[in-house]
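We did not get these values from a lab; they are worked out from the coordinates using the rules stated. Please read all numbers here as calculations on a predicted model, not as lab measurements. Counting neighbours? That spans all protein chains shown, and the Cβs are built from the backbone with ideal geometry, glycine included.
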Amino acid sequence: MHEQSKSHSRQHFRAPPAAARARTCRRAPRRDGRLHFGLRNEGAGASERGGSGSSGGGIGALNPFGHRVELNLAPYLQQLAQAPLGLPNVSSAKGGNLPEQVRTFYQRRQDQPAWFADGRPRDEAQQLVDFLASLDAEGLTAADYRPQQLGQALEAVKKGDASVKPEDVEVGLTWAAMLAASDLHDGRVMPETVGDRWIVRREKVDLPATLQKGLEGGKLVETLRALDPPHAQFAALLKALQRYRQIAIAGGWPQVPKGPVLKEGEKGDADRLQAL
């Protein structure tokens, strides 16, 4: 009789309404301290196809909103020794320890992700990628911060591509943001390493606090851009740099045709004189 009752219950099970399903998939801490966002990457495909044996299949079967990811940051950060996703490590000449700065950022957040919320990328993630791609205008080389690789990895995680680790994307975005913040504030090379005659002392910046401020205030790009030197001379240098870059794109300086050396008062070929 008991078995018949259980069978009857299974036959008449109805999926909860959409609102209840959404609540089921919301973020909730597990007993093991991991932050759960619904489906884990490697089980997402089978769960969404209705696979019966994968972990998290129950939530996957009831999730009408697409892929959600699960990040396990604590052990990932403990083993962090170098930059993810091919990002460059900070120059030893600049001092500091970028892996340690990244770990400090997440320790202050209790290992909570900064670029994902409820298993989905925050808008700030794409905003950061776009800002990194624009750093040529700030006198830096945008490709050094891997905006294309970060953008592709972000899209892959959104689609549930198991070949890309969500932790790599999460920490990669933080790493790139801090590297860019450091370079915007201090430059790529510390002045004192170039020569003794350079007397430049810039106030040190708390990179984890700066990044957190930008994320909390909803002004990530403005916060990072504000790290530029606030001097009119620096703004003029940026304009000059853009001018010279445009000259290079257009083919460089015009070539002066060969000819004799002209002295003051002498006449010469009109084309040579115009080029000069």
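Worth pointing out:
- Derived scalar couplings ³J(HN,Hα) [the range 176-183; Karplus, 6.51 cos²θ - 1.76 cosθ + 1.60; whole Hz; x for Gly, Pro]: 5, 5, 6, 5, 5, 4, 5, 6
- Per-residue packing, averaged as other Cβ atoms within 10 Å, sorts the ranges 218-230, 103-115, 256-268 into the order 103-115, 218-230, 256-268, beginning with the highest.
- Amide H within-cut-off set for residue 116, under 5 Å, with H built and near neighbours excluded: 122
- Remark on residue 68: its backbone amide H falls under 5 Å from those of 39, a criterion applied only to residues 5 or more positions apart or on other chains, H modelled at 1.01 Å from N.
- Packing, as the average of other Cβ atoms within 10 Å across residues, places the peptides 244-252, 206-214 in the order 206-214, 244-252, highest first.
- For the cross-link pairs 165/204; 158/213; 158/239, the ones whose C-alpha atoms lie over 29 Å apart are 165/204; 158/239.
- Relative contact order %, the range 73-234, counting alpha carbon pairs below 8 Å whose residues are six or more apart: 27
- Listed by Cβ neighbour count within 10 Å, with the fewest neighbours leading, 231, 185 appear as 231, 185.
- The calculated Kirkwood hydrodynamic radius for the range 73-234 is 16.3 Å, given to one decimal from all distinct C-alpha pairs.
- HN-Hα J in Hz across the range 231-243 - Karplus 6.51, -1.76, 1.60, θ = phi - 60°, x for Gly and Pro: 10, 5, 5, 5, 4, 5, 5, 4, 5, 5, 4, 4, 4
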